[in-house]
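Chemist: Pasting a structure below so you can have a look.
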Amino acid sequence: MEQIARADSIAFNGRNIAMANAAIDEAGLRIGEDLRRGRGAGINPSGRFEPLTRHVFDDGWETIEDLPPFKTDVQVERPRTIITRNTSPDISFDRSINPYRGCEHGCVYCFARPTHAYMGLSPGLDFESKLFAKPDAARLLERELSRPGYVPRIIAIGTNTDPYQPIEKKWRIMREILEVLEAFGHPVGIVTKSALIMRDIDILSRMAERGLTKVALSVTTLDRKIARTMEPRAATPPRRLEAMRALNEAGIPVSVMIGPVIPGLNDSEIERILESAHAAGAREAGYIILRLPLEVSPIFKEWLLRHYPDRYRHVMSLIRSMRGGKDYDSEWGRRMKGTGPYAWQIGRRFEIAAKRLGLNTERRRLRTDLFRAKAKEEQLVLL
């Protein structure tokens, strides 16, 4: 977005943060606080595939104040398949499930935001307020697992949008998916920021006894203020640690994911997060450096200028030092951890702290030998 790029240039070249914020305000990009209360993004730019862009301005009729606030709207999506496959060499799974499209947690840094552009919607506020649910997910999963020749490998859930975001409380799609996976004896790895996962401890504990599941809780910060502004509708840090403790006590293998590490903002907390997670029962840990692909970059920059203007130049300078001078480097092998001295330092700090706490000494491997496809007659009844 040209206006955000201009504000970024003013902040760096002109060294004037106030002017940078004023440039964004004058461009009419920012949505009023009363209209986006409890949301992460402050702007709602048009998707990159749209032929026209939207600009909010006062035409003299004083109608801007009459606009309704952003409310969560859920539409039904009916895909033909539910398992998504990938061949990326730098991630540990080759298949995943996303029960929802978009995420109400509203994490401002979410790398999945650009996917909303495929729906003709904005990766900004639309991503966290105009959501899509897939109520047929369990039925589709049962059909796909029953196909002749299906070879089981770990299915990852929570890689693109959180399966336990607030709307799951009503839709219960994730629980239905777990019921199917348990019935088939299929392994699953889950990543979430939500304490709602404790609702499904009954299923997860039974699967854990058979070596079929493990859960990673994503903890970005222990600072309530940062968490409230950066991931406004996700569970608070203490609630995530509480969920870790509950999962561990139920015999479910739990790990912590520091994601993302934002240099100059939360990287000072790496050791504290690992210590707190270890005390809560986590025995494995990982981290990911902040990723700013496509529209995520201007959305994050606007947020940083709005909430932490005094840190803007420092944070963005460190990010670019790890991305070859750019906001983002999408190359495999570099996109997750970054490059350069500062990225190396973060990696070494993480490794030293993890080793001191005894994390990652043993990686829990899930079983695939328990997988059993259902009989054809039973499939016909269910489908």
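Computed from the coordinates by the stated procedures, all read-outs in this text should not be read as laboratory data. What you see is a predicted model, and the numbers here were worked out from it, not measured in a lab. Methodologically, a virtual Cβ is constructed for each residue, glycine included, from the backbone with ideal geometry; neighbour enumeration extends over all protein chains shown.
Chemist: Could you tell me which of rounded, prolate or oblate describes region 41-149, using a ≥ b ≥ c as the square roots of the eigenvalues of the alpha-carbon gyration tensor, with rounded for a/c under 1.5 and, failing that, prolate when a/b is larger than b/c and oblate otherwise?
Modeler: Because a/c hits 1.5 or more and a/b exceeds b/c, region 41-149 counts as prolate.
Chemist: With each label point set 7 Å from Cα along the Cα-Cβ vector, what nm distance links Glu209 and Asp223?
Modeler: It works out to 4.4 nm between the two label points.
Chemist: When the chain is fully extended, how far beyond the present Cα-Cα distance does Asp202 get from Ser321, taking 0.36 nm per residue of separation? Present the calculation step by step, with values, prior to reporting the outcome.
Modeler: Working: separation 119, 0.36 × 119 = 42.84 nm, distance 4.55 nm.
Gain on extension, Asp202 to Ser321, equals 38.3 nm.
Chemist: Using each residue's phi in region 323-339, evaluate 6.51 cos²θ - 1.76 cosθ + 1.60 at θ = phi - 60° and report the 3J(HN,Hα) Karplus result to the nearest Hz, with x for Gly and Pro.
Modeler: Computed from phi, the couplings for region 323-339 are 10, x, x, 10, 6, 7, 10, 8, 5, 4, x, 10, 5, 7, 10, x, 9 Hz.
Chemist: Here are labelled values, [x] 21.5, 71; [y] 19.7, 59; [z] 34.2, 138, and one is the computed Rg and Dmax of the Cα atoms in Å for what I pasted. Which one?
Modeler: Read-out from the structure maps to [x].
Chemist: Roughly speaking, what is the stretch gain from Ile352 to Met19, that is 0.36 nm per residue apart minus the C-alpha to C-alpha distance, in nm to one decimal? Numbers along the way, then the final one.
Modeler: Numbers: separation 333, 0.36 × 333 = 119.88 nm, distance 4.16 nm.
Gain on stretching Ile352 to Met19: 115.7 nm.
Chemist: Using only the Cα atoms of region 284-336, build the gyration tensor, take square roots of its eigenvalues as a ≥ b ≥ c, and label the shape rounded, prolate or oblate: rounded if a/c is under 1.5, else prolate if a/b is larger than b/c, else oblate. Before the final figure, lay out each step's value.
Modeler: On the way: a/c = 1.79, a/b = 1.54, b/c = 1.16.
Prolate is the answer for region 284-336, as a/c is 1.5 or above and a/b outweighs b/c.
Chemist: Of Lys169/Lys225; Lys71/Lys301; Lys170/Lys214; Lys225/Lys301, which sit over 22 Å apart, Cα to Cα? Present the calculation step by step, with values, prior to reporting the outcome.
Modeler: Working: Lys169/Lys225 25 Å; Lys71/Lys301 24 Å; Lys170/Lys214 24 Å; Lys225/Lys301 18 Å.
Violating the 22 Å Cα-Cα cut-off are Lys169/Lys225; Lys71/Lys301; Lys170/Lys214.
Chemist: I'd like the distance separating the alpha-carbon centroids of region 61-104 and region 279-313, in whole Å.
Modeler: Result: 20 Å between the Cα centres.
Chemist: Classify region 207-357 as rounded, prolate or oblate, taking a ≥ b ≥ c as the square roots of the eigenvalues of its Cα gyration tensor: rounded when a/c is under 1.5, otherwise prolate if a/b is larger than b/c and oblate if not. Could you put the intermediate results ahead of the total?
Modeler: Numbers: a/c = 1.98, a/b = 1.60, b/c = 1.24.
Note, shape of region 207-357 comes out prolate.
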